[in-house]
Amino acid sequence: MLPNAEIDPLAAGAPESAPAHEATPPHTSYKDRLNRWAIARVENSQAHTIVARFRSHSDAEGHLKFLRHQFPEDHFIIVFEKQVA
């Protein structure tokens with residue numbers, strides 16, 4: 001399991017009496033859920049900019065190699081974007 005993957009609130013031991021709107025994640029479109037892997041350019045210790053999004057981790061890794069070759073002075077990382085509640 002990925003360390004930053006989302007956890008289902010009901011499976012994590014949330015009380016069954018919790019209101020339905022708190023137990024279910026917000027509705028997102030199918031397209032929004034596809035590209036969850038992203039490459040971010042790290043600007044300093046607290047700021048980063050997303051430069052590309054991908055459906056799979058391996059696609060992100062391939063593009064990361066390209067970016068590091070083209071821009072060796074910049075620092076890039078792969079991140080998994082969690083669904084915002």
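Read-outs throughout are calculated quantities, based only on the coordinates presented, and are distinct from any laboratory measurement. Since the model is a prediction, treat every value here as computed from it, not as a measurement. All Cβ positions, glycine included, derive from the backbone under ideal geometry; neighbour counts span all protein chains shown.
Distant-in-sequence amide contacts of HIS75, defined by a placed amide H-H separation under 5 Å and a gap of 5 or more residues or a different chain, comprise VAL42.
Here each label is just a point 7 Å from Cα along the line to Cβ, and for VAL42 and ASP74 those points are 1.5 nm apart.
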